[in-house]
């Protein structure tokens, strides 16, 4: 056995740095690895047809005998969404708080994984022992209930991982963040702090979730004669609670629309995180029995997602609900970076239908701003700062905050996914290597079967279309018996481009004649010749380069 004093703690982010989403970090000490979070991210614009993106966990697969478990900070998709995919390959126990576990179990039911996975619910203040690690769950506040920070005790020292958090002294449900515990752990001496950077560029404090409740009350008071439709994140149970409170106060019934919304609300209500007065929730079918001024709809789609309930209502595609003049629609969220266009499109569609759209002040963030980040730093007093959760600019902003609080520059690490950081109490920490990381694309039921080449083809098809050339050759002599026929999809409309198609046919015939005179009988060479000649011709004529697929049949 190696002397523990020479052993180092290795921190390996496998995703989630320099991006929003796909958070997953491995902590390794000798023969033990624990994994914090296991999130997904949503596809970029150029990932055509991809549903979601999950992290590459090759490193964990290669070291499967060391992996002791997944420890989850909270129930958002960017922290739990990849679990159903990853757990199939790395089947180790999962530890999480009650609501977080409820949401995970709901996912696992869909994927038929409940029987085959070990799960343990941990309360705030409790610790679990996994190999060489002890992990303590600390109460924090976030835009979903039951979020936790983690104190990770290892023989090399303590690492505090905040998870996603804010400081809310007046939360809607449960207690305020346990600042006292952060201070007590800080007194013991903390090796490193990994702190949420999402709002590190924003000054001041994040407002309490309760302020949104007051805004709702005012809006309900001002719009007593219209139907109210509120779009928010499904996972923000406290927000839903406040909408229900205002609805009850003003004598309105509540309908919940959108699959994710319905499922999370039923989990939260069942586990006691939502308090819904009797007879307040009604089914969408019963809506017609009540006048508009007694109705509130809570729906998904606050990010302008094309398939979510609100977007379908705005574009008249929703089966049960259509927007009418006079409806009041409230966006209770901020557009996530990159979604601004989609959100403004939906706002325009709603306004064009005569709805009154409100998007000011109906939202507060779930992430800490600069003053709260400073507060955590001053309570924890870490030796090293490792900003996490955010794009490079967010991590950089937090690094500057840490420096302003007196942490030397050489003790602040802005890491990239896949880098290995080694730390202990005695020697300076340093980045010592790199492990394999990356994005695995999920398309329908296929996980990882769509890679760069397929995406490049999709991009090509999307931008330039396809031209298929079909011809029939006689076996042995290679005489053309039928064709060449040209089929075009997404390139030009054949019936309106008969001259172009006629010329293209001549080009193909010339290419075939050339192959005959050169005695080329190998089909792949014939196909390549057709492809090259046709490509040159089409580019000269149209300045486009569609994908060209020659198909040869023989008789």
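Values for this structure:
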read-out	value
For region 167-216 and region 435-449, distance of Cα centres in Å	34
Ascending count of other beta-carbon atoms within 10 Å, so fewest first, for 8, 188	188, 8
Using alpha-carbon coordinates, inclination of helix 392-404 to the longest axis of the chain, degrees	30
Reference-scaled alpha-carbon Rg (2.2 N^0.38 Å with N residues) for region 80-189	1.15
Kirkwood Rh (inverse of mean 1/r, distinct Cα pairs), region 210-358, angstrom	15.2
For region 465-554, alpha-carbon Rg and Dmax in angstrom	12.6, 37
Average projection area in nm² (convex hull over Cα atoms of region 400-488, one quarter of hull surface)	13.5
Part-to-part distance (alpha-carbon centres) for region 497-550 and region 249-326, which is given in Å	57
Fraction of antiparallel bridges per DSSP, region 1-117 only, in percent to nearest 5	65
Segment residue 432-residue 269, extension gain: residue separation times 0.36 nm, minus the distance between their alpha carbons	54.0 nm
Simple label model, 7 Å out from Cα along Cβ direction - residue 279 to residue 374, nm	5.3
Extension gain from residue 260 to residue 307, taking 0.36 nm per residue of separation minus the Cα-Cα distance	15.7 nm
Length added when fully stretched, residue 416-residue 106, from 0.36 nm per residue minus Cα-Cα	108.4 nm
Paramagnetic label zone (point 7 Å from Cα along Cα-to-C-beta, residue 317; backbone N under 18 Å) in region 437-471	444
Convex hull projection area averaged over all views, region 45-135, Cα basis, nm²	7.0
Computed FRET value (nearest 0.05) for residue 187 with residue 334, which takes r as the C-beta separation and R₀ as 35 Å	0.45
Where the Cα pairs of the chain fall when distances are cut into 10 Å bins, in %	3, 16, 22, 20, 15, 12, 8, 4, 0
Within the chain, helix-based [θ] at 222 nm, where runs of 4 or more DSSP H residues each add -39,500 (n - 2.57), nearest 500	-9500 deg cm²/dmol
Computed over region 1-108, the ratio Rg/Rh where both radii use C-alpha atoms and Rh is Kirkwood	1.01
Order of 497, 378 - criterion: other Cβ atoms within 10 Å of each residue's Cβ, fewest first	378, 497
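Just so you know, all these numbers are worked out from the coordinates, no wet-lab data involved. Everything numeric in this text was worked out from a predicted model, so none of it was measured. Here Cβ is always computed from backbone atoms with ideal geometry, including for glycine, and neighbour counts include all displayed protein chains.
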